[in-house]
Amino acid sequence: MTEALLEVKDLKTYFHTENGVVPSVDGVSFSIKKGETIAVVGESGSGKSVTSLSIMGLVGSPGKIVDGKILFEGKDLTTISNRDMRKLRGNEIAMIFQEPLTSLNPLFTVGNQISESIKLHQKASKEEAKVKSIEMLRKVGIPRPEKVYSSYPHMLSGGMRQRVMIAMALSCNPKLLIADEPTTALDVTIQAQILQLMRNLIHENDTSIMLITHDLGVVAEMVDTVIVMYAGQVVEYTDVYTIFKEPKHPYTKGLLDSTPKIHELKDELQSIEGTVPAPGTITKGCRFQTRCPLATSKCFSEEPELKEIRPNHQVRCWLHEEGEVAI
Amino acid sequence: MGKYLIRRLLQVIPVLFIISFVVFCLVFVAGDPVALMLPEDASQEDIELLRESLGLNEPFHIQYFTYMLGLVQLDFGDSFRYNQSALPIVLERLPATLELAIAAMIIAIVIAIPFGIWSATKKNSPVDFLATGGAVLWKAMPNFWLGIMLILLFSVTLGWFPVSGRGDLSHLVLPAITLGTGIAAEMTRLIRSSMLEILNQDYIRTAKSKGIRNFFVINKHAFRNALIPVVTITALQTSTLVGGTLVTETVFSWPGLGQLLIQAVNTRDMAIVQASVFVIAFIVILMNLIADILYKILDPRIKY
């Protein structure tokens, strides 16, 4: 668990729109070790998905990686050729998307779509790919995989489709799996099954996972390390125990407080007032200033740096400038 | 599939019934055929005699019944001009029209598919601008004008192709281009917008995330999805195609159904008009039926 599989250094992905430049991801750095599971947490619009698409090299126009490095096993993905990137995609780095309902092509059979990447990356023949696809379908707990192999996506339930997506993503034994809110569109019992399934498969293959979510329950259950993102930046970065026990950023605290807890009886669920500011609208000071209950005048004038307040715990907040304080 | 086909074929019957009624009514809106058939100085007696022999003195519903009785035996009556049964004359012209229509469709598809895909994948590039701008320009050109211009340039000035008539392949080139490029213009726009929508779908992102080459993402995953609306609208466009053949055939003296129909309208040869319109309507219905079947082959989500 020592060697870094993926290292993202000061990544900046900007969207060049008609209304100006939108910095969706603005100087994000983190790393994922082999076999590690990290979660990227934050509200909609915090830049989680754009970060993952940047790693996959799938940021579409008008978005562009303008600065930073994405090192995968030492290779910088921002500079390699399209051809080399394609060899990694679906092979060494695979991705599962949020919407299993729309993420599978409706006009091709499940089998066709799974065996496509097996044929491509493992140079397998049609028959070999079919055998492997059916084996993958069985692995992800699909009953009668031979039948599902020749089914079309619309014939399957949401949970089944997400299993198919997982089978597809894991079919080439990727070293890194990026899962962009894999359980958001599913109902709770199916969520638990899918998470359990992912956990089992990962342990089998020592796959690293980057889990994008806004579900802190999923985080507590699955991950080793947590990155909290806000308005395109990392605001807190530490291990999962510390996040839940001693969150140091007011935003992280707000997120935790707005999660319902089973042993607390409350009339009203706490929430963070307001919404994430549109990228690029706050140009001075801390980006959380407008919603922070603890903001001081300094927060409105100067932007805080991401600072290591103790080993393996980074926070972007002026409160901890002079050393750690309890919030 | 078989069940669906039978159901779909049964739907054709009421449509044909309505068309037959409309076709029958054509006679009543087109003016008095007797006045046209007889010389101007014909006596009132002669007029009455002819009227009687043609059954035009019968009440509306009797005439309709007689007409329908003929229709179920595929008899539209005799042509005034040719003095023969109308339907065989019409069917004799059909191959020429089909030849032109198919050639035009091939030209349209060969132009529209690559340009439609190309301009969608290179949105807002010079290629896209050229394809969409060209399509608007081409669509704005009336068929008869384009036909005449092509004749002037390629037949009269350069002498590459014959001016008119039907014969070997060289006769087909200019009329097919005239008709086909107009359809291509519309189809290019349609494929472009359809592709643009599909390229934004989640499953296209999934395909890319698997490391598939862009060429296959576009031509396998996206294009097949984009084809569904294109097939539907192309089938609906068959009527436009038929309208186009009327004009094009007249410009190029192409001995097809369109030319026959226009001549028949001019001479108020109502049996020919009725038979032609009926045949054309039948072709349109047939094309839509084929589209529905294609639709099923393309999209497994449609229930049988």
For the stretch B:40-183, what number results from the quotient of the Cα radius of gyration and 2.2 N^0.38 Å?
-> 1.65
So for the stretch B:1-78, what are the equivalent ellipsoid semi-axes in whole Å, largest first, each being the square root of 5 times an eigenvalue of the Cα gyration tensor?
-> 36, 11, 10
Give the relative contact order (percent, whole number) for chain B; include only Cα pairs under 8 Å separated by 6+ residues.
-> 26
Peptides A:198-206, B:115-123: what's the order by average Cβ count within 10 Å, highest mean first?
-> B:115-123, A:198-206
With charges set only on the Cβ (+1 for Lys and Arg, -1 for Asp and Glu), what does the dipole of chain A come to about its Cα centre, in debye to the nearest 20?
-> 1180
Peptide-level mean, for A:106-117, of C-beta atoms on other protein chains within 10 Å | 4
Residues in the stretch B:271-294 reached by a label modelled at B:Ser239 [backbone nitrogen below 17 Å; 7 Å Cα→Cβ] = B:276-292
Taking the alpha-carbon centroid of each part, what is the distance from the stretch B:141-166 to the stretch A:82-122 in angstrom?
-> 51
Computed from the beta carbon distance with a Förster radius of 51 Å, FRET efficiency for B:Leu56 and B:Leu9 to the nearest 0.05 stands at 0.90
Which semi-axis lengths, in whole Å and largest first, follow from the square roots of five times the eigenvalues of the Cα gyration tensor of the protein assembly as shown?
-> 69, 26, 24
Would you calculate the volume per residue, in Å³, of the smallest convex hull containing every Cα atom of the stretch B:93-298?
-> 130
Return, for the Cα atoms of the stretch A:1-146, the radius of gyration and Dmax in Å, separated by a comma.
-> 17.6, 52
Considering the zone a paramagnetic label at A:Thr275 would reach in this model (a point 7 Å from Cα along the Cα-to-Cβ line), which residues of the stretch A:199-234 have amide N under 20 Å from it?
-> A:213-215, A:229-233
Dipole size in debye (nearest 20) for the protein assembly as shown around its Cα centre, Lys and Arg Cβ +1, Asp and Glu Cβ -1?
-> 1940
In Hz, Karplus ³J(HN,Hα) per residue of the stretch A:152-159 (6.51, -1.76, 1.60; θ = phi - 60°; x = Gly, Pro) = 8, x, 5, 7, 10, 6, x, x
A:Val234's amide H: which non-local residues (gap 5+, or another chain) put their own amide H closer than 5 Å, with H modeled 1.01 Å from N in plane and none for Pro or chain starts?
-> A:Ser29
For the stretch A:204-220, just list the computed ³J(HN,Hα) in residue order, Karplus coefficients 6.51, -1.76 and 1.60, θ = phi - 60°, integers in Hz, with x standing in for Gly and Pro.
-> 4, 10, 6, 7, 7, 10, 10, 9, 9, 7, 10, 9, 5, x, 4, 4, 4
Treating the Cα atoms of chain A as identical point scatterers in vacuum, please give the log10 of the normalised Debye intensity I(q)/I(0) at q = 0.10 Å⁻¹, two decimals.
-> -0.61
Could you please state, rounded to a whole Å, how far the C-alpha centre of the stretch A:280-311 is from the C-alpha centre of the stretch B:100-127?
-> 54
State to the nearest 20 debye the size of the charge dipole of the stretch B:77-216 about its Cα centre, where the only charges are +1 on K and R beta carbons and -1 on D and E beta carbons.
-> 640
Which pairs, out of A:Lys48/B:Lys296; A:Lys12/A:Lys139; A:Lys123/A:Lys175, put more than 28 Å between their alpha-carbon atoms?
-> A:Lys48/B:Lys296; A:Lys12/A:Lys139
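Quick note: the coordinates plus some simple rules give every number you see, no bench work behind them. None of the values given here were measured: they were computed from a predicted structure. Note that we place each Cβ from the backbone using ideal geometry, even for glycine, and neighbour counts take in every protein chain shown.
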